[in-house]
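A quick write-up on the structure given underneath.
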Amino acid sequence: MPPKIIQPARQACLALIDSEESLLFAEGYDDAIMGIAELNGTASVVYDSAKVVKILRSRDGMTRADAEEFFAYNVAGAFLGESSPIFLQRIRPGRRQGTSTG
């Protein structure tokens, strides 16, 4: 079996914690990893929601609406326990905030 290739963002997250088993990653979205957040001693990987939507659009050929719907129900909506990944929606002060993530 070939060795598992770990992406740089994933490696950086793993370097911040004690063991790989305590982090849950959203497979296929390593390019959207922003870092780690911790709450009450539980670490979670943080992803940029807009980048996940962009990945879905470019990788899977989805429209913006389809990518946003898929993201909401199948990615962000997948609860995997208290260490589930966190999906951050950035705010842009001075700009009108909408529901669009990409």
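What to note about this one:
- Residue ID - farthest from Leu14 (Cα to Cα), chosen from residues in the stretch 43-89 that are touching a Ser or Thr at 6+ places or on another chain (Cβ under 8 Å) and among the basic types (Lys, Arg): Arg64
- Filtered residues of the stretch 39-54 (kept if farther than 21 Å from Arg92 by Cα and in contact with a helix residue (DSSP H, G or I) (Cβ under 9 Å, 6 or more places away or on another chain)): Thr42, Ala43, Val45
- Residues located in the stretch 13-71, provided they are farther than 21 Å from Ser83 by Cα, among the small types (Gly, Ala, Ser) and part of a loop (DSSP other than H, G, I, E, B): Gly61
- Some residue of the stretch 72-82 being crowded, with 17+ Cβ neighbours inside 10 Å, under 13 Å from the mean Cα position of the chain (by Cα), at pLDDT below 90 and in a loop (DSSP other than H, G, I, E, B): no
The values are calculated or read from the model by the stated rules, or taken from the named source; none is laboratory data. Not measured: the values here are computed from a predicted model. Virtual Cβ from ideal backbone geometry, glycine too; neighbours counted across all protein chains shown.
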